[in-house]
Amino acid sequence: MNIEKIISKIDQLKPIPQIATKIMSMTQDPECGLADISKVVTYDVTITANILRTVNSAAYGLSRKIESIHQAVTLLGLKELVQMIFMSVASSNLKRACQGYDLEEGALWKHSAASAFLSGKIGETVIGVDGNLVFTATLLKDMGKVLLNQYVHEGLKEIKNLVFQKDYTFLDAEREIIGIDHAHLGGIIAKKWNFSDRMVNLIQNHHLSDEKSLCDKETCIIYLADTICSMMGIGTGTDGLTYRFTEDVLNQLNYSQGQIEAFIFQYTSEKEKINHLINSF
Amino acid sequence: MKETIIDVAEMQINSAADEVLVAPSLGSCVAISLYDPGICAGGLLIFMLPKMADVSFPGADRFTFMFGDTGIPAFLKAAKDYGMIKERLQVTLVGGGQIVGQNESFNIGHRNGQIAKELIAAEDLGIQNESLGGIYNRTLQLELAGGKVQILNAGQEVYA
């Protein structure tokens, strides 16, 4: 398989607008406040419209209508504002059906957004974690699947043979049959879209391809959120459970078994609100 | 035929002749389907975690069907209240999948399967179809017209 040919297809994706990467870097700048960020948001009509539509949707159940981005930002606060901006710019690519992974239209989007919310929840319990970064990297981590889908579809018989007969992980099988895996490709896409090196690294290693990333708490959080969502069966396809679980992730985050079950419980008890939010994009 | 998707931590019992109850894309969750051919009624439960007591989280008791130890007895009682007769019940257990490398304590899928089998056996119910464990995400479909059950492994062939 010609990897260059696959990479050249990145242009077929709807690119993440520069404004989103700008906002991400503003969130990491202590000099920038909520007012500065909301001013930048107003320059993008589509993002502004999406945010206003969502805050006025059933997900928020407000009694009065929010009519300006200023009102919306005051209501949401920085964390939820960043979440909405990235959901707004990522949804159209991730909503596509991916037959190669047996994902109907909307399934990958649901998995991506649900695991991002879970990542955010887990991130709140770990000291020193950048919640906006973790949420966004989790949301975008499977962008590589959208592009690799066609090649997975063509090589599915061989991939499944390796996974179900020879104990390969789906990621290893992608690499063996196609020459590149979806996590690596996701990193290349993020780089092309001018995301920070940190974001590129988180996306590229969300299945812990590089063992050194086990020492990185934010990578471990993304990996754990992805694993738990696959266990819960949220937007999962052929590859759902066909990865390896690495218990060192739990040690790295100082988690016990009971805390994992608590995360599953916590997510599920809030699923109606989260689903409303996911479906409003 | 009308497909009704059952969400995780929920259950439904019905007898509409043109309806199929679906438990989609099960990972470590377990779906239990019951069917009574005597009244052509069926039900589906999808629980996510084995025991409520294992989750030390306030408010857990508001989510009966999220847990096997509380959800299964409540589901069986709801089936009885609906008019299903225990001796006629056809039982199917599906799901409880796991990711390679999950040990006993983290293996929620395995423990979900265990508690489902234990509690169904404790009620002296037989199991007609069972597809538990492994690395498959599965989908279970129950046709209410005749009780036909289909189990689909993600990306695999239909085999039941």
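The values are calculated or read from the model by the stated rules, or taken from the named source; none is laboratory data. All figures in this text were calculated on a predicted structure; none of them were measured in a lab. So basically every Cβ, Gly included, is an ideal-geometry build from the backbone, and we count neighbours across all protein chains shown. Surface areas here come from the heavy atoms of the whole protein model, side chains and all, with no ligands, DNA or RNA. Shrake-Rupley method; radii C 1.70, N 1.55, O 1.52, S 1.80 Å.
Data for the structure
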item	result
Relative contact order [Cα under 8 Å, 6+ residues apart], chain B, whole percent	28
Residues of region A:1-120: accessible area per residue with a 1.4 Å probe, Å²	48
Positive-pole candidate from A:Thr27, B:Gly42, A:Leu185, dipole of the protein assembly as shown, charges at beta carbon	A:Thr27
Length-normalised contact order of chain A in % [C-alpha pairs under 8 Å, at least 6 apart]	21
Filter on A:Lys14/A:Lys271; A:Lys166/B:Lys51; A:Lys95/A:Lys192; A:Lys14/A:Lys141; A:Lys95/A:Lys273 - keep pairs with C-alpha separation over 26 Å	A:Lys14/A:Lys271; A:Lys166/B:Lys51
A:Asp167 paired with A:Ser92, simple spin-label distance in nm, labels 7 Å along Cα-to-beta-carbon	4.6
Whole-percent carbon and sulfur share, accessible surface of chain B, 1.4 Å	51
Interface residues, region B:126-145 - accessible area loss of 50 Å² or more versus chain alone, probe 1.4 Å	B:Ile135, B:Asn137
Cβ-based charge dipole, region A:64-156, positive-most Cα from A:Gln83, A:Tyr151, A:Phe135	A:Gln83
Loss of accessible area when A meets B, both sides summed, Å² nearest 100, probe 1.4 Å	2900
Inter-chain Cβ neighbour average for residues A:246-254, partner chain, 10 Å	1
Most positive-pole-ward Cα, A:Ser196, A:Cys229, A:Leu250, against dipole of region A:174-281 from beta carbon charges	A:Ser196
Sequence-separation-based contact order of region A:147-281, relative, with Cα cut under 8 Å and 6+ spacing, percent	16
Heavy-atom accessible surface of chain A: percent carbon and sulfur, 1.4 Å	48
A:Glu270 - accessible surface, heavy atoms, 1.4 Å probe, Å² rounded to 10	70
Ranking by accessible area, most exposed first, for B:Arg62, A:Arg198, B:Arg111 with a 1.4 Å probe	B:Arg62, A:Arg198, B:Arg111
Highest to lowest packing among A:82-93, A:258-269, B:19-30, scored as the average C-beta count within 10 Å	B:19-30, A:82-93, A:258-269
Assigned charges on the beta-carbon of Lys, Arg, Asp, Glu; the protein assembly as shown dipole about Cα centre (debye)	840
Among A:Asn201, A:Asn50, A:Asn132: highest mean-square fluctuation, GNM of chain A, C-alpha pairs under 10 Å	A:Asn50
Highest-MSF residue in chain A out of A:Ile228, A:Ile188, A:Ile127 [GNM, Cα springs under 10 Å]	A:Ile127
Dipole magnitude of region A:3-133 about its Cα centre (Cβ charges: Lys, Arg +1; Asp, Glu -1), debye to nearest 20	340
Per-residue mean of C-beta atoms belonging to partner chains within 10 Å, peptide B:47-55	3
